[in-house]
Amino acid sequence: MILQNQIEKQLETLSTAEALQWLALHCKESVFSTAFGEEDQIITHMIAIHQLPIHVFTLDTGRLFNETYELLDLTQKQFKLKIEVILPDSLQVQNLVNVYGINGFYESLANRKECCRIRKIEPLKKILKPYKLWITGLRSAQSENRQNMAKVEWDENLNIIKCNPLLDWSDEDVQEYLTQYKVPTNTLHKKGFASIGCAPCTRAILPGEHARAGRWWWEGSAKECGLHPTKVTI
């Protein structure tokens, strides 16, 4: 089994595409999670054009924008790539709604975190269980909470090595790649949506607002759902 320090050493001198190819060859138990953000679309594109044997999945919370579902369909067709859709446990969702109400997450931070746990975190734990390495599209420029993340790190909560190959990419790097390769993106970006999650929990941002300001806009939190824990307590 490839160890974390071995991966760190190898990825130091490789481009993102080269890093993904190396991971596909040497870490066969690798998996990539996409939420169809711009960064995720870049990694999905690299996996597709290089025909890398990296399993790709997405978490469908049941509350996503229709535009996100449309991008899921378009991405699979255009990239000729199968993306596994992971749904939350139906009984847990049923109990959540019956106890807290259909939009109970607006009422308190605890309610919101419970909704994220059931719809995102628990399904993520289940899908990641057989894998050794988890690839994400996280970038340090996305939020202050992610600036202390490493390109390769150990996720204690999920007991898995997490690799963030785009961590040091700038906003300009992202836009340049998307434009050069004509990578499809969520149409909501053109309507002012910078970071896109569940429909009830995401709004377009105002001029000058931080990119994450539209996520859980009604609360003053660290703007994270718990999939990528940081040292900041929310």
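The values are calculated or read from the model by the stated rules, or taken from the named source; none is laboratory data. Keep in mind the model is a prediction, meaning the values are calculated, not measured. Virtual Cβ from ideal backbone geometry, glycine too; neighbours counted across all protein chains shown.
Observations, loosely collected:
- The one condition from (1) at pLDDT below 95; (2) under 23 Å from Gln94 (Cβ atoms); (3) of a type in the set (Asp, Glu) that Glu114 does not meet is (1).
Residue by residue, here is whether (1) over 22 Å from Trp217 (Cβ atoms); (2) among the small types (Gly, Ala, Ser); (3) in contact with a helix residue (DSSP H, G or I) (Cβ under 7 Å, 6 or more places away or on another chain) holds:
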position: Leu91; (1), (2), (3): yes, no, no
position: Tyr106; (1), (2), (3): no, no, no
position: Ala110; (1), (2), (3): no, yes, no
position: Pro123; (1), (2), (3): yes, no, no
position: Leu128; (1), (2), (3): yes, no, no
position: Leu138; (1), (2), (3): no, no, yes
position: Trp154; (1), (2), (3): yes, no, yes
position: Ile160; (1), (2), (3): yes, no, yes
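- Pair list, Cβ under 7 Å, 6 or more apart: the stretch 118-131 residue modelled with pLDDT of 95 or more, other residue crowded, with 20+ Cβ neighbours inside 10 Å and in a helix (DSSP H, G or I): Ile118/Leu96
- Among residues of the stretch 24-56 being touching a Pro at 6+ places or on another chain (Cβ under 8 Å) and among the hydrophobic types (A, V, I, L, M, F, W, C), the one that is modelled with the lowest pLDDT is Ala24.
- When we screen Ala35, Ala19 for residues that are in contact with a Lys or Arg (Cβ under 9 Å, 6 or more places away or on another chain) and touching a residue at least 40 places away in the same chain (Cβ under 8 Å), the only hit is Ala19.
- Subset of the stretch 73-96 (residues that are within 20 Å of the chain's Cα centre (by Cα) and in a loop (DSSP other than H, G, I, E, B)): Leu81, Lys82, Ile83, Leu87, Pro88, Asp89
- Cβ pairs under 7 Å, 6+ apart, first in the stretch 185-196 and of a type in the set (Ser, Thr, Tyr), second outside any helix (DSSP H, G or I) and surrounded by fewer than 19 Cβ atoms within 10 Å (Cβ to Cβ): Ser195/Ala211
- Filter pass, Thr68 being touching a residue at least 60 places away in the same chain (Cβ under 8 Å), closer than 18 Å to Thr202 by Cα, among the hydroxyl-bearing types (Ser, Thr, Tyr) and in a loop (DSSP other than H, G, I, E, B): no
- Every listed requirement among (1) surrounded by 18 or more Cβ atoms within 10 Å (Cβ to Cβ); (2) of a type in the set (Lys, Arg); (3) under 22 Å from Glu38 (Cβ atoms) is met by Arg112 save one, (3).
- Check on Lys82, basic (Lys, Arg) and without any contact (Cβ under 8 Å) to a residue 60 or more places away in the chain: yes
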